[in-house]
Amino acid sequence: MKSTITTTLLVIIAIFIYFQYVSKPQVTQTAEMPTSLHPVVEEKMNQLIEQAAGKGISVVITDGFRSAEEQDRLYEKGRSSEGNIVTHARGGESYHNYGLAIDFAIKIPTGDILWDRQYDGNVNGVADWTEVVTIAKELGFEWGGDWINFKDYPHLEMDFGLAIDDLQRGERPSDVALQSEAN
Ligand SMILES: [Zn+2]
């Protein structure tokens with residue numbers, strides 16, 4: 001009797017270990033890297049542009065999906081290449097690499113693109129940048145300007161409950177997550 005219980009316990013532990021450590025890397029290998037913006041993110045991006053236009057604000061999307069190679073090049077900016085540091089993420093460490101992030105700016109009537117967060121083009125007493133961020137948050141985006149360590153004001157992302165670690169391990173937004181985020 002005692003040995004049966006011991007055997008059962010060992011089997012349970014073995015199964016647990018298998019699913020915890022052994023079966024996971026297989027998931028990583030089968031999950032492909034995305035090559036474009038996630039359909040839900042794209043849909044929300046279009047809604048953002050539309051709703052901002054309704055308030056007299058012209059939103060420009062300056063960046064969306066970014067491959068890991070492009071991300072690595074961007075990472076070198078302000079480090080081994082010229083310019084200011086624009087990111088702390090290397091290839092595979094940014095939501096852009098999984099098609100889950102966009103960067104925006106504001107286009108003014110002259111055609112110039114602004115990153116001015118005080119500009120109030122529609123003259124309603126609220127900075128256009130703030131208005132865009134408010135709409136974006138209502139649509140389910142997280143704003144890089146809310147980050148504590150490295151503020152990324154043009155950045156908007158949707159993580160579908162997945163951390164970068166999860167994405168690097170090969171996890172992708174599930175259909176269930178897509179449904180709830182889309183509603
Ligand atoms: Zn970004």
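At-a-glance table
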| item | result |
| --- | --- |
| Mean shadow area of the range 61-183, taken as a quarter of the surface of its Cα convex hull (nm²) | 9.2 nm² |
| Length added when fully stretched, Thr4-Asp165, from 0.36 nm per residue minus Cα-Cα | 54.0 nm |
| Sites matching GluC sites (Glu not before Pro) across the range 57-101 that sit in DSSP coil, with at most 13 neighbouring C-beta atoms within 10 Å | Glu82 |
| Chain lengthening between Asn124 and Thr110 when straightened (0.36 nm per residue, less Cα-Cα) | 3.1 nm |
| Formal net charge of residues neighbouring Ile113 (Cβ-Cβ distance under 15 Å; K, R +1; D, E -1) | -3 |
| Theoretical FRET efficiency, 1/(1+(r/R0)^6), r = Cβ-Cβ of His88 and Ala14, R0 45 Å, to 0.05 | 0.65 |
| Stretch gain in nm, segment Thr35-Lys151, where the contour uses 0.36 nm per residue and the Cα spacing is subtracted | 39.2 nm |
| Counted charge near Asn124, where neighbours are those whose Cβ lies closer than 11 Å (Asp, Glu -1; Lys, Arg +1) | -2 |
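Every read-out reported here was derived from the displayed coordinates using simple, explicitly stated rules and does not represent laboratory data. Quick caveat, the model's predicted, so the values are computed rather than measured. Neighbour counts are summed over all protein chains in view; Cβ atoms, including those assigned to glycine, are modelled from backbone coordinates with ideal geometry.
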